[in-house]
Amino acid sequence: MKTAASQMRVLIADDQPDVLEALRLLLKREGHRIESADSPQQALHAVENRDFDLAIIDLNYSRDTTSGQEGLDLLANIQKVDSTLPVIVMTAWSSVDLAVEAMRRGARDFIQKPWENERLASIVRTQLQLSEAIRRGQRLEAENLLLRGENVPTMIAEAPAMRPVLDLISRVGPSDANVLITGEPGTGKEVVARTLHAISGRASKPMVTVNAGGLAEGVFESELFGHVKGAFTDAKVDRVGRFELADTGTLFLDEIANVPMNLQAKLLRVLEIGEMERVGSSKTKKVDARVISATNANLPEEVQNGRFRQDLLFRLNTIEIHIPALRERREDIAPLATHFLGMHARRYRKNIVGFDHNAMQAMQEHPWQGNVRELNHVVERAVLMTQSNCVRASDLALRVGAMTAGRLEEMSLEDVEEFLIKKALARYGGNVSHTASALGLSRSALYRRLQRFGL
Ligand SMILES: Nc1ncnc2c1ncn2[C@@H]1O[C@H](COP(=O)(O)OP(=O)(O)OP(=O)(O)O)[C@@H](O)[C@H]1O
Ligand SMILES: [Mg+2]
């Protein structure tokens with residue numbers, strides 16, 4: 001007898017009670033959990049509402065006992081609901097053609113009645129093994145695409161202003177509490193999210209990221225919740241959503257302010273009761289994901305302006321961690337710069353030992369509107385540009401921060417673009433949607449530029 005954990009769920013559908021009973025006894029002996037249905041409607045209803053590993057369905061039901069049409073329709077309907085569920089069909093011994101037709105339409109195997117117990121058990125075993133492998137494969141493939149390293153990231157935080165941040169991280173990290181991380185662009189929100197996950201009890205499980213800002217509205221829902229084949233024109237196959245991928249692990253919702261209103265309601269429901277449906281499916285799935293979210297927008301303000309649901313905000317910010325801007329923790333500039341220098345020098349195989357005095361001074365005084373990310377980017381460029389074994393102030397090329405509109409004519413087009421984007425970002429408190437519309441750019445166009453400029 002198998003243990004409960006490896007128990008397979010098998011649906012059997014036939015309109016003859018004695019057939020159902022015989023199948024039930026046989027499969028129970030194999031250690032499976034059985035659910036029976038005595039009509040195609042009942043079978044379909046079961047598949048729509050619960051997960052199975054295998055379905056064994058008769059092709060002929062009382063309404064039309066010989067053509068097999070009802071069974072073939074049921075097969076097609078099951079495939080619409082769950083295209084990875086293997087189906088074995090049963091036919092009377094005389095209707096080989098019907099069995100062949102069902103195989104052509106996607107049945108995995110067939111059993112002729114009356115069956116031989118040993119043969120039936122072996123067909124079932126094979127299909128269950130296959131089904132497990134296929135489903136595992138589908139999951140792994142998606143996970144591999146999404147997951148990066150799961151080690152604790154390097155997080156430099158020596159400034160006194162970072163003490164409350166470190167304190168909160170070490171207190172709430174190990175819990176399952178939902179955490180909202182706020183801070184200007186590039187302050188290290190993702191680093192904090194990764195650290196929280198890495199020190200939690202879920203560390204050996206995936207942390208799956210969804211960037212609400214980088215996705216078109218139309219695909220966002222299916223990214224988050226998955227979809228079933230046929231749910232919309234492009235849905236050619238079933239797709240596992242990121243919520244399901246994050247099951248038992250952590251879901252990192254980045255740029256949470258950009259979640260469209262209608263999806264905020266769905267998100268709220270998963271957070272409240274831990275249940276969701278794939279797009280196009282009515283089957284409810286349980287998910288257990290710890291949710292860490294991040295934003296550079298002012299969410300209470302978004303709530304006031306009717307762009308963000310208050311109840312969702314309350315769900316997300318059980319604990320809020322605010323990361324100060326780099327200019328508010330200048331003590332971190334030197335250690336961060338040294339850390340990035342070592343990283344990039346290794347990567348580009350350059351023998352650089354450090355920064356000279358003027359370079360350090362220039363970095364200390366720079367406003368760092370792009371925060372840690374800008375610092376990283378500046379150091380990387382300096383490592384590539386410098387001709388000596390020590391980075392000098394001129395290698396840093398920290399001109400953008402000191403720029404004023406009066407010198408626009410001396411700037412390259414690229415610099416002007418970067419300058420204007422930084423100004424707009426600062427004006428809108430780092431809110432990407434507002435910045436994009438102020439600049440007359442689409443959100444994704446703005447994102448491409450932010451990436452290009454290392455903002
Ligand atoms: N405290 C830190 N120690 C080391 N590296 C850091 C730290 N904070 C940020 N970084 C690095 O700076 C870069 C930007 O950090 P991150 O992506 O976490 O910022 P963010 O707040 O999520 O930015 P955005 O709002 O643009 O998404 C990354 O390369 C990250 O590794
Ligand atoms: Mg980020």
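Structure notes:
- Every residue from region 74-121 that is hydroxyl-bearing (Ser, Thr, Tyr) and either touching a residue at least 40 places away in the same chain (Cβ under 8 Å) or open to solvent by 30 Å² or more (accessible area, probe 1.4 Å) (or both): 83, 84, 94
- Members of region 314-338 found to be at pLDDT 90 or above and either part of a strand (DSSP E or B) or over 20 Å from residue 185 (Cα atoms) (or both), listed by number: 320, 321, 322, 338
- Filter result for residue 313 (in contact with a Leu (Cβ under 7 Å, 6 or more places away or on another chain) and aliphatic (A, V, I, L, M)): yes
Residue by residue, here is whether (1) more than 26 Å from residue 197 (Cα to Cα); (2) at pLDDT below 95 holds:
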position: 283; (1), (2): yes, yes
position: 294; (1), (2): no, no
position: 299; (1), (2): no, yes
position: 353; (1), (2): yes, yes
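- When we screen 70, 48 for residues that are open to solvent by 10 Å² or more (accessible area, probe 1.4 Å) and touching a Pro at 6+ places or on another chain (Cβ under 6 Å), the only hit is 70.
- All conditions but one from (1) assigned to a helix (DSSP H, G or I); (2) modelled with pLDDT of 95 or more apply to residue 5; the one that does not is (2).
- Tally, over region 331-341, of residues that are under 14 Å from residue 382 (Cβ atoms) and either in contact with a strand residue (DSSP E or B) (Cβ under 9 Å, 6 or more places away or on another chain) or surrounded by fewer than 15 Cβ atoms within 10 Å (Cβ to Cβ) (or both): 3
- In this structure, residue 171 does satisfy being free of Cβ contacts under 8 Å to residues at least 24 places away in the same chain and over 25 Å from residue 375 (Cα atoms).
- Test: residue 78 is among the β-branched types (Val, Ile, Thr) and either at pLDDT 95 or above or in contact with a Cys (Cβ under 6 Å, 6 or more places away or on another chain) (or both): no
- Of the helices (runs of 4 or more DSSP H) lying entirely inside region 191-294, those carrying at least 2 residues that are in contact with a strand residue (DSSP E or B) (Cβ under 6 Å, 6 or more places away or on another chain) and either open to solvent by less than 10 Å² (accessible area, probe 1.4 Å) or in contact (Cβ under 8 Å) with a residue 12 or more places away in the chain (or both) are 217-225, 242-245.
- For residue 176, the test of being surrounded by fewer than 22 Cβ atoms within 10 Å (Cβ to Cβ), touching a residue at least 60 places away in the same chain (Cβ under 8 Å), within 15 Å of ligand 1 (Cβ to nearest atom) and not polar (S, T, N, Q) is failed.
- Qualifying residue in region 125-139 (condition: buried (at least 18 other Cβ atoms within 10 Å of the Cβ) and at pLDDT 90 or above): no
- Selection count, region 40-65, where residues are touching a residue at least 12 places away in the same chain (Cβ under 8 Å), assigned to a loop (DSSP other than H, G, I, E, B) and out of contact with any His (no Cβ under 9 Å at 6 or more places or on another chain): 6
- Residue ID - surrounded by the most Cβ atoms within 10 Å (Cβ to Cβ), chosen from residues in region 414-433 that are in contact with a Lys or Arg (Cβ under 9 Å, 6 or more places away or on another chain) and touching a residue at least 24 places away in the same chain (Cβ under 8 Å): 432
- Residues (modelled with pLDDT of 90 or more and more than 10 Å from ligand 2 (Cβ to nearest atom)) located in region 188-206: 194, 195, 196, 197
The values are calculated or read from the model by the stated rules, or taken from the named source; none is laboratory data. Bear in mind that the values here come from a model prediction, so they are computed numbers and not experimental data. Glycine gets a Cβ as well: all are built from the backbone with ideal geometry, and neighbour counts include every protein chain shown. Areas reflect the complete protein model, heavy atoms only, side chains present, ligands, DNA and RNA absent. Shrake-Rupley method; radii C 1.70, N 1.55, O 1.52, S 1.80 Å.
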